[in-house]
Amino acid sequence: MSLHWQRISVPFDYPVHFTRDVLAAANEVLVEAIARREPQRRHRLLAVIDGGVARAWPDVAARIADYVAAYRERLTLADAPLVVPGGERAKNEPAALERLQARLHALGFDRQSVVVVIGGGAVLDMAGYAAATVHRGVRVVRVPTTVLAQADSGVNVKNGVNAFGSKNFLGTFAPPFAVVNDREWLRTLERRDVAAGMAEAVKVAVVRDAAFFDWLEASAGELAAAAADRVAALVERSARLHLAHIADSGDPFELGSARPLDFGHWAAHKLEMLTAHRLRHGEAVAIGMALDAGYAVEVGMLAAAARDRLVRLLRALGLPTYDAALRLCGPGERPRILDGLAEFREHLGGELCVTLPTAIGCAVEVDAMREDVLGRVIDLLARGDAAS
């Protein structure tokens, strides 16, 4: 009998650019992102465009064609852009995924061809998953177009789609080839979507950066008004904090159970499903943070004053801290939101690990949550008692 331990190490690196007007011919950021490893070669690309982006920017396909033409010695279009459903439809409808996979097959994409994805987080997730499953990984350059995607999901290493009634049940860890954050895309967002994207910035501030939380409080009025410079500053600071966690946590592919950047997410994922995505992801995260912070207060881990600061900030940004879906009940009058704990445990690998704040900027992991306490907190949120 013999045993051999094999260890492999695969380094990943990808640039995250912060720019303006990425499709202007004078802006070389996109071409440099695509051609960064083989600057002398001509690179084939297919653009995948979020349907919401295509409606808000009707000339986007023409602008992509003009940009590629301006750099024709380094870029070539494999085909006309593929427009896919925006929002959670992209992740809920298998046809969208299959259509993109079929297009990449028909175009003869190889592993050094590039999929340029222009859209919100759901489209980035779906297209990234499709690309990761073609030849076990085609290059993806993400061009996030929402506050949430630019501040969080668009810079991370995860892709996926919803299946079997579960959020992100199918997915991969596949770092992007590059990310290009362009603040111009944010100009056409609805105010609700701007606010929803800010929830992830609040989240990372609560668990990692008290000074950032202070800045968010001080800037809340301008952020709620969608002041462009303030929103851009929020995006860049949040993105850098998320990237620092990916680089420094020692577990970028989440092989363990601890996921501190998922503060508020066990409830958020369930709320999205319970409301059939009536709630935006960021809105559900805001409610999830209010719920978990309230729980931390009830079990003596967090000062009520810190919870109240969080709730006030969320409300000042235009985010909800309660939704009637928290009270939806299943058999035995048990709130269905509590099923989110078991689903989160399964997603983590069989052991529950929930991040709870102990102060603004600090957090710990717990492996159990009391359902009776969560019920009390839901009652408090329903009455609007916190931070009132």
TODO: Determine the dipole magnitude for the chain: charges of +1 sit on the beta-carbon of Lys and Arg, -1 on that of Asp and Glu, nothing else is charged, the reference point is the Cα centre, and the result goes in debye to the nearest 20.
DONE: 780 debye
- [ ] Compute the separation of the alpha-carbon centres of the stretch 152-221 and the stretch 256-316 and state it in Å as a whole number.
- [x] 15 Å
Task: Calculated from backbone phi, Karplus (6.51, -1.76, 1.60) coupling profile of the stretch 264-281 in Hz, x at Gly/Pro - done: x, 8, 4, 6, 4, 4, 5, 4, 4, 6, 5, 9, 6, 6, 4, 7, 5, 4
Task: Estimated [θ] at 222 nm from DSSP helical runs (n ≥ 4, -39500 (n - 2.57)) normalised by residues in the chain, nearest 500 - done: -14000 deg cm²/dmol
- [ ] Using the Karplus curve 6.51 cos²θ - 1.76 cosθ + 1.60 with θ = phi - 60°, work out ³J(HN,Hα) for each residue of the stretch 43-54 in order, rounded to whole Hz, and write x for Gly and Pro.
- [x] 9, 7, 9, 10, 8, 10, 10, 4, x, x, 5, 4
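Dipole magnitude of the stretch 1-83 about its Cα centre, charges +1 at Lys/Arg Cβ and -1 at Asp/Glu Cβ only, in debye to the nearest 20?
Magnitude of the dipole: close to 260 debye.
Roughly speaking, what is the stretch gain from Ala25 to Ser9, that is 0.36 nm per residue apart minus the C-alpha to C-alpha distance, in nm to one decimal?
1.9 nm
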Task: Gain upon complete extension [Ala244, Ala225; 0.36 nm per residue less C-alpha separation] - done: 4.0 nm
Open item on the list: Based only on other Cβ atoms within 10 Å, what is the fewest-to-most ordering of Thr188, Thr19?
Closed with: Thr188, Thr19
TODO: Would you please give the residues with an amide H less than 5 Å from that of Leu75, counting only those at least 5 places away or on a separate chain, with H modeled from the backbone geometry?
DONE: His43
Open item on the list: Sort Met369, Met289, Met273 by Cβ crowding within 10 Å, fewest neighbours at the top.
Closed with: Met369, Met273, Met289
Task: the stretch 7-72 versus the stretch 89-124: alpha-carbon centroid distance in Å - done: 15 Å
Task: Fewest-first sequence of Ile118, Ile8 by Cβ atoms within 10 Å of each Cβ - done: Ile8, Ile118
Open item on the list: Which residue, Ala70, Gly282, Val48, has the largest displacement toward the positive end of the dipole of the chain when charges sit on each Cβ (Lys, Arg +1; Asp, Glu -1)?
Closed with: Ala70
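Bear in mind that the values in this text are calculations on the coordinates, not laboratory data. Model, not experiment: these values are computed from the prediction. Cβ atoms come from the backbone with ideal geometry, glycine included; neighbour counts cover every protein chain shown.
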